[in-house]
Structures are given as C-alpha cells and as structure tokens.
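Okay, so here's the structure we're looking at.
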Amino acid sequence: IEGLNEFLTFYRTIPSTQDDMRGNMITHISELLTGIESLQVVLADWYSALMDESALVRARAVEAWENVPYKLIQNFPHLFFEAFSILLTDQYVIVHKAAARILRRRSFPEDKRYLIKDKILNLVLHYAQNGKDGDFLVDCIDVYGSLCLSSEEMAGGWGKALSNILLKLEDDALYKATNNLSSKFQNAPDFVKVALKSIQSEYTRGISIDRCLSIILQASKSELSNCVQEIKNALTALKPFSNENFAEALVYITALHKSGKYR
C-alpha cells in the first residue's frame, strides 16, 4: 500500500499536458492491485482517468481493465462499470476501440452486461454501415456474440443477422472472422456461408484454409442444405483438380452428401 501511494502521489504531480506520461502510468494501475485495500486506494484516480479530458488517457485507463485480478472484479463499484460503458460511445476512435477490444481479453461481469449491450450493438451497426474498418467490426461482433447474446439467440435470428454482416467482409477482415469466431458462431445460421466465401478468397488461401474446412465439416445438415450452391461454386473453382486440392475437394463432396441433396 505504501508503494502504491507513492506511485499515485507521483502520478498526481504530472502536468495535465503530459498525456503520454499520464497514460503510460494509468494503464498499469491494475497490475498493482493485490486486494480490496489496494483497490480502494486506486479507484478515485482510475475513475478520474476514465473521465479525463485527454482521449489518450481515457483509452489507456480503460485498457487497464485487462489486468484486473479476477478475484477482485466483484468488488468494483457500479459507478466504475457505468464509466467504462460510457467509453464505448466516446466520439474518439482511440477510446471506443480500446474499450471494445479490451472486452475480448477481460470479460465484463454478467450482471453488468446490460450496460454495454446496446452500446456494442451500436458500434456493430455503425462500422457495418460505413465499411471502413472490417477488422474492428469483427472485434465488436466477437464481443457482442460472446457477452451479450445467449446460445439460443446465437442459434436464431441474431446469429443469422451477424453472419449476414460478416458475409459482406473481404480479405483480412473475412479471414479474421472465420479464424476468430468459429467456436462462438458454430451454431449461428449462415456462418458456414461466411466460411465458404472466405475459403475462396485469395487472402485466406495465402494463409490457411484449415479453419474454413473445419467449419464446413462441422456444419449441420440443415445449414449445408441452405448453401448447396455456394458449396458447388467452391468445388467448381478448384478445377482443374489436382493432388494438391484433393482433400479440399473431398470436403466439398462430403458436405454435398451430408446436405441430403446429393447423396
């Protein structure tokens, strides 16, 4: 506690114009937490940093959430989570991106997720509409699917809607979608279509198609029957067939058989 107080005393003496220094210090504040007493010591300064005038300091303050010990999360006051959730609506890209991405690495308490649900959805819709940052859009969809939707919702209309957004992605964002979301979207309608689009992308084929093949092989009969034409297109794109693409062709043939329409 004595060392923590010395750290904070020095932090408070830094001029407000020194955004880099203040940001670099506050982002490590959670690494100094050892128990409830230390949490009580840092909360006021941490909360102030979340509301700071500097966008850089706000971004660094929210990034500190990643290293909070799991055993202490239940001891954070409600006001802290409200301040955190507000940063998802911050007008500065550096801030709302930091807030959304940190939720992929350190979860939000389940009883507080109502604070972030609509805000994350708004980010999904905004970035899907402007089409300028597919990489971040995938991160937002990852967070929304993981923290804000039940397994039933993922297997229903919400999962289908998110899959349809992912279907509009290209290149690196499309590869990231199939590579990072495969487990969460295993039962989401139309996600196998995302894999079938990705596997035909030159970007994905230049890295690895293994995850796409796995998604196709694990898809249900009903999902495969809904994308027979996409499977046929992927198979046709392999022509002329060769030893190198034999395994991939066999996956498509297996999928067509499993669909029940080409036994």
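The values are calculated or read from the model by the stated rules, or taken from the named source; none is laboratory data. It should be emphasised that the depicted structure is a prediction, and the values quoted were computed from it without experimental measurement. A quick note on method: Cβ atoms are made from the backbone with ideal geometry, for glycine too, and the neighbour counts reach across all protein chains shown. Remember, those area values only see protein heavy atoms, side chains included, never the ligands or the DNA or RNA. Shrake-Rupley method; radii C 1.70, N 1.55, O 1.52, S 1.80 Å.
Of the residues that make up the stretch 73-85, is at least one of a type outside the set (D, E, K, R) and in contact with a Gly (Cβ under 8 Å, 6 or more places away or on another chain)?
Within the stretch 73-85, none of the residues are of a type outside the set (D, E, K, R) and in contact with a Gly (Cβ under 8 Å, 6 or more places away or on another chain).
For (1) surrounded by 15 or more Cβ atoms within 10 Å (Cβ to Cβ); (2) in contact with a Lys or Arg (Cβ under 6 Å, 6 or more places away or on another chain); (3) farther than 21 Å from Lys184 by Cα; (4) of a type in the set (Phe, Trp, Tyr), each residue gets a yes or a no:
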| residue | (1), (2), (3), (4) |
| --- | --- |
| Tyr92 | no, no, yes, yes |
| Arg101 | yes, no, no, no |
| Tyr114 | no, no, no, yes |
| Asp118 | no, no, no, no |
| Asn122 | no, no, no, no |
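Quick one: Val192 ticks every box in (1) among the β-branched types (Val, Ile, Thr); (2) open to solvent by 20 Å² or more (accessible area, probe 1.4 Å); (3) farther than 27 Å from Ala98 by Cβ except a single one, so which number is it?
Going through the list (1) among the β-branched types (Val, Ile, Thr); (2) open to solvent by 20 Å² or more (accessible area, probe 1.4 Å); (3) farther than 27 Å from Ala98 by Cβ, Val192 breaks only (2).
Under 6 Å between Cβ atoms, which residue pairs at least 6 apart in sequence (or on different chains) link something in the stretch 185-196 that is within 10 Å of Lys160 (Cβ to Cβ) with a partner that is basic (Lys, Arg) and open to solvent by 10 Å² or more (accessible area, probe 1.4 Å)?
Close Cβ pairs satisfying both conditions: Pro189/Lys160; Asp190/Lys160.
Could we say that Ile165 is open to solvent by less than 40 Å² (accessible area, probe 1.4 Å) and either under 30 Å from Asn130 (Cβ atoms) or touching a residue at least 24 places away in the same chain (Cβ under 8 Å) (or both) here?
It is true that Ile165 is open to solvent by less than 40 Å² (accessible area, probe 1.4 Å) and either under 30 Å from Asn130 (Cβ atoms) or touching a residue at least 24 places away in the same chain (Cβ under 8 Å) (or both).
Is it the case that the stretch 243-263 has a residue that's touching a Leu at 6+ places or on another chain (Cβ under 6 Å) and open to solvent by 50 Å² or more (accessible area, probe 1.4 Å)?
yes
When the residues of the stretch 201-241 are narrowed to those that are open to solvent by 80 Å² or more (accessible area, probe 1.4 Å) and outside any helix (DSSP H, G or I), which ends up modelled with the highest pLDDT?
Among those residues, the one meeting the criterion is Ile207.
Identify, please: which residue in the stretch 104-119 is modelled with pLDDT under 95 and not basic (Lys, Arg) and is, among those, farthest from Lys132 (Cα to Cα)?
For the stretch 104-119, the residue satisfying everything is Asp111.
Please go through the stretch 4-60 and pick out each residue that is buried (at least 20 other Cβ atoms within 10 Å of the Cβ) and among the basic types (Lys, Arg).
Arg22, Arg58, Arg60
Within the stretch 181-190, is even one residue at positive phi and not in a helix (DSSP H, G or I)?
Yes; the residues of the stretch 181-190 include at least one that is at positive phi and not in a helix (DSSP H, G or I).
Only residues that are of a type outside the set (A, V, I, L, M) and under 14 Å from Pro69 (Cα atoms): list them for the stretch 16-39, please.
Result: His28, Ser30, Glu31, Thr34, Gly35, Glu37, Ser38.
Given the stretch 59-162, what helices (runs of 4 or more DSSP H) lie entirely inside it while holding 3 or more residues that are touching a residue at least 24 places away in the same chain (Cβ under 8 Å) and of a type outside the set (S, T, N, Q)?
Because the criterion is at least 3 residues that are touching a residue at least 24 places away in the same chain (Cβ under 8 Å) and of a type outside the set (S, T, N, Q), the helices (runs of 4 or more DSSP H) in the stretch 59-162 that meet it are 78-86, 93-105, 114-130, 134-143.
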